[in-house]
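Undergrad: The following block contains the structure, expressed as structure tokens.
The values are calculated or read from the model by the stated rules, or taken from the named source; none is laboratory data. All of these numbers come straight from a predicted model, not from anything done at the bench. Quick reminder, even Gly has a Cβ in these numbers, built from the backbone with ideal geometry, and neighbours come from all protein chains shown. Heavy atoms of the whole protein, side chains included, go into the accessibility calculation; ligands, DNA and RNA do not. Shrake-Rupley method; radii C 1.70, N 1.55, O 1.52, S 1.80 Å.
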Amino acid sequence: MATKSLWLVACVLTPAVTMPVTALAQQQVSDERDHEPNQQSDVNPIETPDTDKAAFWEDTSLILKPRTYYLDRDRDTKADSVGWALGGALEYKSGWLGDWLRVNATLYTSQKLYGPDDKDGTGLFKPGQESFTVLGEANLTVRFAENHGMRIGRQRFELPYLGSHDIRMVPNTFEGIAIGNTSKSGFGYMAGYVDKIKGKSDDDFISMSEAAGAEDSDEGTGFAGARYIAAGGTTVGAIYQRTFDTFDTFFAKVEHPFEIVKGSTISANLQYTAQQSSGDELIGDFDTQMLAAKVELKHGPFSWRFGASTTDEDHGIIKPFGNPANYLSVIVDDFDRAGEDAYMLGFSLDLGRVGPGDMSLFTNIVHGDTPETGPAASADETEYDLTLDWRLKESWSDRIWLRMRAAYVDQDDDFAGADDFLDFRIIVNYDFNLL
């Protein structure tokens, strides 16, 4: 196991050749077009934004971010889940006080418009289809150098296996302290300690170890990572997280885009995850790994992708703090169960201007094959996904983003407990500055 781990990490950290900057820019636009929020493999620095150093009051903003979300999961054998919520966020950000201190606070809410008690489980509300409001963010950012800073208090993270996982009405947020830099290219780093987490469908902060499944515990999570983005777009990154006396996670990746002919690019991506129990092993003894790869071809408005992943039979990948990192994590499932070998085919299309906005769509088909017998046995399944995005850009509708998503999960009916279901979602996001 150790030899295999070292070999995989060496592969992930091997640098690659570069590509023209113009091709990289095309790739970044396409990535925004087919954004899949259920996966997060970027090892992002801890931001200390706006290096222009605007004055405290001059650059203060109060942004209202309304969101409405309808989710209907129609199951064959288990109970259905239905909900419609209205809410969003009210975000306050100050300018820089003396070029070194900034204040941020965000209030989140999810209010029930529709949600029968017997169709709970959408994740839009607290258990029992209960509306809630929470001060999810309240922090200070301290800049101690031009591009380096520290953030203290309630905050969001966007790291593999530690992040907002913003796929419902309200994101995960955390209580902790972090340091890092703002580098969008070259070398970036991040490190910190997280004491508590507030989940997507909750208004209480609990300890990280309790969120991982260790009841009546109060352990936190430390993390440290770095990434490097070359001028041509090659990205190498790694991060280590330890939830004390509970479990460790190590994640590494390398992603490399290159131009094959003018206007066409291929990106080759590889990632590796290792998890194991540690210390007092509050959630049990386990040791597992996952390796995933994705190749994507982009040409003009079209994009085709193929992905594959494999997870050890000892244990599935656990994600109690959000942000699954598998390239094959899609609308419903993450395809990282114990002993699972998964394969993905995907396609994206930029439809260009349609009425008052830009429209695009993307689709994925993912099949996961798991052991038929033994402790890792589970139902094989295939997920079929379709997402349609329409970003309005005219007059009053500027900054409205309409997203419609559908997923059908087909599980092996020969396996006890298998359940086919259709998942349908409509999400509308909007934001505007009140000041």
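Undergrad: Considering only segment 308-322, state which residues are buried (at least 23 other Cβ atoms within 10 Å of the Cβ) and part of a strand (DSSP E or B).
TA: Those that are buried (at least 23 other Cβ atoms within 10 Å of the Cβ) and part of a strand (DSSP E or B): SER309, THR311.
Undergrad: Quick one: which residue in ALA338, ALA325 is open to solvent by 10 Å² or more (accessible area, probe 1.4 Å), in contact with a Pro (Cβ under 8 Å, 6 or more places away or on another chain) and in contact (Cβ under 8 Å) with a residue 24 or more places away in the chain? It would help to see each step written out before you state the result.
TA: On the way: ALA325 fails: open to solvent by 10 Å² or more (accessible area, probe 1.4 Å).
Of the residues listed, the single one that is open to solvent by 10 Å² or more (accessible area, probe 1.4 Å), in contact with a Pro (Cβ under 8 Å, 6 or more places away or on another chain) and in contact (Cβ under 8 Å) with a residue 24 or more places away in the chain is ALA338.
Undergrad: Let me ask something additional. Restrict the check to segment 109-124 and report whether at least one residue is open to solvent by 60 Å² or more (accessible area, probe 1.4 Å), closer than 30 Å to ALA226 by Cα and not acidic (Asp, Glu).
TA: no
Undergrad: Let me ask something additional. Which strands (runs of 3 or more DSSP E) sit wholly inside segment 59-158 and have at least 1 residues that are under 16 Å from THR173 (Cα atoms) and touching a Leu at 6+ places or on another chain (Cβ under 9 Å)?
TA: Strands (runs of 3 or more DSSP E) meeting the threshold: 81-93, 101-114, 132-145, 148-155.
Undergrad: Separate question: Here are ARG73, ARG67: which of them is closer than 30 Å to LYS298 by Cβ, out of contact with any His (no Cβ under 7 Å at 6 or more places or on another chain) and at pLDDT 95 or above?
TA: The match here is ARG67.
A quick yes/no check of all residues on (1) closer than 22 Å to PRO45 by Cβ; (2) of a type in the set (Val, Ile, Thr):
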position: GLY233; (1), (2): yes, no
position: ALA252; (1), (2): yes, no
position: LYS262; (1), (2): no, no
position: TYR272; (1), (2): yes, no
position: ALA293; (1), (2): no, no
position: SER303; (1), (2): no, no
position: THR311; (1), (2): no, yes
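Undergrad: Among the residues of segment 125-144, is there at least one that is open to solvent by 30 Å² or more (accessible area, probe 1.4 Å) and without any contact (Cβ under 8 Å) to a residue 12 or more places away in the chain?
TA: Yes, segment 125-144 contains a residue that is open to solvent by 30 Å² or more (accessible area, probe 1.4 Å) and without any contact (Cβ under 8 Å) to a residue 12 or more places away in the chain.
Undergrad: Let me ask something else about it. Hand me the list of strands (runs of 3 or more DSSP E) wholly inside segment 211-273 holding 1 or more residues that are more than 20 Å from the chain's Cα centre (by Cα) and farther than 24 Å from ILE179 by Cβ.
TA: It comes to 247-261.
Undergrad: Right, another one. Filter segment 372-386 for residues that are open to solvent by 20 Å² or more (accessible area, probe 1.4 Å) and in contact with a Gly (Cβ under 7 Å, 6 or more places away or on another chain) and give the result.
TA: ASP380, the sole residue that qualifies.
Undergrad: Among what's in segment 341-374 and is in a strand (DSSP E or B) and of a type in the set (Asp, Glu), pick the residue that is nearest to ASP398 (Cα to Cα). Lay out the reasoning, then the answer.
TA: Just the residues of segment 341-374 that are in a strand (DSSP E or B), to begin with: 341-354, 357-369.
Among the residues that remain, those that are also of a type in the set (Asp, Glu) are: 341, 350, 358, 369.
Details: ASP341: 43, ASP350: 19, ASP358: 11, ASP369: 44 Å.
Going through the qualifying residues, I end up with ASP358.
Undergrad: Here's something else I'd like to know. Just one of SER278, SER360, SER303 is closer than 30 Å to GLU215 by Cα and open to solvent by less than 40 Å² (accessible area, probe 1.4 Å); which is it?
TA: Being closer than 30 Å to GLU215 by Cα and open to solvent by less than 40 Å² (accessible area, probe 1.4 Å) holds for just one of SER278, SER360, SER303, which is SER278.
Undergrad: Quick one: in segment 404-420, which of the residues that are more than 18 Å from ASP341 (Cβ to Cβ) and open to solvent by less than 10 Å² (accessible area, probe 1.4 Å) is farthest from the chain's Cα centre (by Cα)?
TA: By that ranking, first place goes to ASP419.
Undergrad: Here's a follow-up. So, in segment 281-295, of the ones that are without any contact (Cβ under 8 Å) to a residue 40 or more places away in the chain and part of a strand (DSSP E or B), which residue ends up most open to solvent (accessible area, probe 1.4 Å)?
TA: That would be VAL295.
Undergrad: Could you tell me which of the residues ASP350, ASP389 is open to solvent by less than 10 Å² (accessible area, probe 1.4 Å), within 30 Å of ILE63 (Cβ to Cβ) and touching a Lys or Arg at 6+ places or on another chain (Cβ under 6 Å)?
TA: ASP389
Undergrad: Of all residues in segment 73-91, which are under 14 Å from VAL134 (Cα atoms) and either among the small types (Gly, Ala, Ser) or surrounded by fewer than 15 Cβ atoms within 10 Å (Cβ to Cβ) (or both)? So that I can check it myself, show each step before the final result.
TA: Taking segment 73-91 first, the residues under 14 Å from VAL134 (Cα atoms) are 87-91.
Residues satisfying the conditions are GLY87, GLY88, ALA89.
Undergrad: Assuming TYR161 fulfils every condition listed in (1) surrounded by fewer than 16 Cβ atoms within 10 Å (Cβ to Cβ); (2) modelled with pLDDT of 95 or more apart from one, which condition is it?
TA: (1)
Undergrad: With the condition kept exactly as written, say whether any residue in segment 239-252 is among the basic types (Lys, Arg) and either at positive phi or in contact with a His (Cβ under 8 Å, 6 or more places away or on another chain) (or both).
TA: no
Undergrad: Next up: Can you tell me which residue in segment 171-186 is surrounded by the most Cβ atoms within 10 Å (Cβ to Cβ), limited to those that are of a type in the set (S, T, N, Q) and at pLDDT 95 or above?
TA: Selected residue: THR173.
Undergrad: Checking the conditions here, which among SER94, SER30 is at pLDDT 65 or above, surrounded by 15 or more Cβ atoms within 10 Å (Cβ to Cβ) and touching an Asp or Glu at 6+ places or on another chain (Cβ under 9 Å)?
TA: Values: SER30 fails: at pLDDT 65 or above.
Criteria check complete, one pass: SER94.
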